[in-house]
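K.L.:
Below you will find the structure I want to go over with you.
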Amino acid sequence: MNKTIIIGALTTCIVWLSGCQSVIDQPEQTVEPRQSMGVVLSDVGLGDQSFSDAAMRGMGQLRETGDWFVDYRELDETETYKAGFEQLVEGGHDVVVGLGFASQTDLETVASKHPDQQFALVDAVSTLPNVISVTFEETEGSALAGAVAGLETESDKIGFIGGVDNELIQKFGTGFELGAKSVNEDVEMIVDYANDFASPEIGRKLAEKQIAAGADVLYAAAGLTGVGVLETAERNGIKAIGVDSDQSMIAPDAVITSMLKQVDLAIVKIADSLQTEAINDHIKLGIEEGGIGLAALRRVQWTDEETEQFEAVQKRLLEGTLQ
């Protein structure tokens, strides 16, 4: 199914018709061409309330500029990342984007076959000359989340649930513990890995396990699995921290903030990079670049001293002195 996002169908028709009249009346005028981007979404796809949904917001921002057409594929349509990439290459897009580290192998396979096609990879680094890489400083954002958890915990036990046990997801857990211990040296962190980004049920079970062990603030970097964690925190009357996007709507009585990983900004940065000569850029997005941060704090009441502790963590992260 072609899911090209069209900018206001009625408005587009009107503009197109008036544009044709102008060209007919004044042949020297030309219609400005638009660039196009094709994106293969992460394995969970739309509705993950996290990574893919954030990417769609970025695609929407490009669409609204009037300079870009955007198209996307989900794995339930193409069955494999490779098939999605091949379809988008055939579509003649200026850049084809792979969303998430799991897409790297298939993206590089297709990129090697099409050396004249520009590709981009979000959340992993490729050495191929026709691939732009975009990564995030997840440790920074998770340290901010950890500082919030360290100040909010009453049991001095916090929980982290990762989608898989790999280097990328470990960065979330490492940062979370670092931030928590920076404001509360007595904190202990319970860690579990779901080995699944698409199972809220597994998230619920792991959350129940950590709550039974005494954790009273939970943080999950696990895609749709993390939704189950947030829901379980709310059902048990404890606090939770969302990830990637502001997830307060999932469990409004539990989520006190979310670690924002601005995948929408990554999509825009990829588009911007096409205006340069360096087509194999490695774009790094952290707190300083606005690619990482926290959603608004909710139901948090800190003393002046606690606020100063949190702000000190922010300052040290920006200075690069919190290691």
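K.L.:
Do we have any residue at all in segment 62-78 that's under 18 Å from VAL134 (Cα atoms), outside the structural domain of ALA221 (by TED's automatic domain parsing), crowded, with 18+ Cβ neighbours inside 10 Å and at pLDDT 95 or above?
P.N.:
Among the residues of segment 62-78, not one is under 18 Å from VAL134 (Cα atoms), outside the structural domain of ALA221 (by TED's automatic domain parsing), crowded, with 18+ Cβ neighbours inside 10 Å and at pLDDT 95 or above, which makes the answer no.
K.L.:
Looking only at segment 149-174, which residues are acidic (Asp, Glu) and either surrounded by 21 or more Cβ atoms within 10 Å (Cβ to Cβ) or part of a strand (DSSP E or B) (or both)?
P.N.:
GLU152
K.L.:
Looking at ASP253, is it of a type in the set (Asp, Glu) and within 14 Å of ALA120 (Cα to Cα)?
P.N.:
Considered against the rule, which asks whether it is of a type in the set (Asp, Glu) and within 14 Å of ALA120 (Cα to Cα), ASP253 comes out as no.
K.L.:
Considering only residues that are part of a helix (DSSP H, G or I), surrounded by fewer than 24 Cβ atoms within 10 Å (Cβ to Cβ) and not charged (D, E, K, R), which ones fall in segment 113-143?
P.N.:
Hit for segment 113-143 is THR139, nothing else.
K.L.:
Do you know which residues across segment 96-107 are part of a helix (DSSP H, G or I) and over 30 Å from ILE241 (Cα atoms)?
P.N.:
Result: THR105, ASP106, LEU107.
K.L.:
Given the criteria modelled with pLDDT under 95 and not in a loop (DSSP other than H, G, I, E, B), does LEU88 qualify?
P.N.:
Answer is no for this residue.
K.L.:
Filter segment 130-155 for residues that are in contact with an Asp or Glu (Cβ under 8 Å, 6 or more places away or on another chain), assigned by TED's automatic domain parsing to the domain that holds THR303 and of a type in the set (Gly, Ala, Ser) and give the result.
P.N.:
The answer is GLY146, SER155.
K.L.:
Failed condition for GLU108, given (1) surrounded by fewer than 24 Cβ atoms within 10 Å (Cβ to Cβ); (2) assigned by TED's automatic domain parsing to the domain that holds SER199; (3) modelled with pLDDT of 95 or more, with all others met?
P.N.:
Of everything listed in (1) surrounded by fewer than 24 Cβ atoms within 10 Å (Cβ to Cβ); (2) assigned by TED's automatic domain parsing to the domain that holds SER199; (3) modelled with pLDDT of 95 or more, GLU108 misses just condition (2).
K.L.:
If only one of GLY146, GLY214 is touching a residue at least 24 places away in the same chain (Cβ under 8 Å), buried (at least 21 other Cβ atoms within 10 Å of the Cβ) and not in a strand (DSSP E or B), which one is it?
P.N.:
After ruling out the rest, the residue left standing is GLY146.
K.L.:
Just one of SER245, SER273 is polar (S, T, N, Q) and in the same structural domain as ILE158 (by TED's automatic domain parsing); which is it?
P.N.:
So the residue among SER245, SER273 that is polar (S, T, N, Q) and in the same structural domain as ILE158 (by TED's automatic domain parsing) is SER245.
K.L.:
With of a type in the set (A, V, I, L, M, F, W, C) and in a helix (DSSP H, G or I) as the only criterion, which of VAL70, VAL110 stands out?
P.N.:
Of the residues listed, the single one that is of a type in the set (A, V, I, L, M, F, W, C) and in a helix (DSSP H, G or I) is VAL110.
K.L.:
From the list GLU208, GLU177, GLU234, pick out the single residue that is more than 17 Å from the chain's Cα centre (by Cα) and either over 21 Å from LEU294 (Cβ atoms) or part of a loop (DSSP other than H, G, I, E, B) (or both).
P.N.:
Every option except GLU208 fails the conditions.
K.L.:
A further question follows. Since VAL191 meets every condition but one in (1) touching a Phe, Trp or Tyr at 6+ places or on another chain (Cβ under 9 Å); (2) hydrophobic (A, V, I, L, M, F, W, C); (3) buried (at least 19 other Cβ atoms within 10 Å of the Cβ); (4) farther than 27 Å from ALA55 by Cα, which condition does it not meet?
P.N.:
Only one criterion is unmet by VAL191, namely (3).
K.L.:
Would you pick out the residues in segment 64-111 that are more than 22 Å from ASP264 (Cβ to Cβ) and among the polar types (S, T, N, Q)?
P.N.:
THR78, THR80, GLN87, THR105, THR109
K.L.:
Quick check on my filter: what residues within segment 264-306 are among the aliphatic types (A, V, I, L, M) and either modelled with pLDDT under 90 or farther than 22 Å from ALA143 by Cβ (or both)?
P.N.:
ILE267, VAL268, ILE270, ALA271, LEU274, ALA278, ILE279, listed by residue number.
K.L.:
Please state which of the following conditions ASP53 fails to meet, knowing it meets all the rest: (1) modelled with pLDDT under 50; (2) surrounded by 15 or more Cβ atoms within 10 Å (Cβ to Cβ); (3) acidic (Asp, Glu).
P.N.:
That leaves (1) as the condition not met.
The values are calculated or read from the model by the stated rules, or taken from the named source; none is laboratory data. This is a predicted model, so every value here is computed, not measured. FYI the Cβ positions are ideal-geometry reconstructions off the backbone, even for glycines, and counts take in every protein chain you see.
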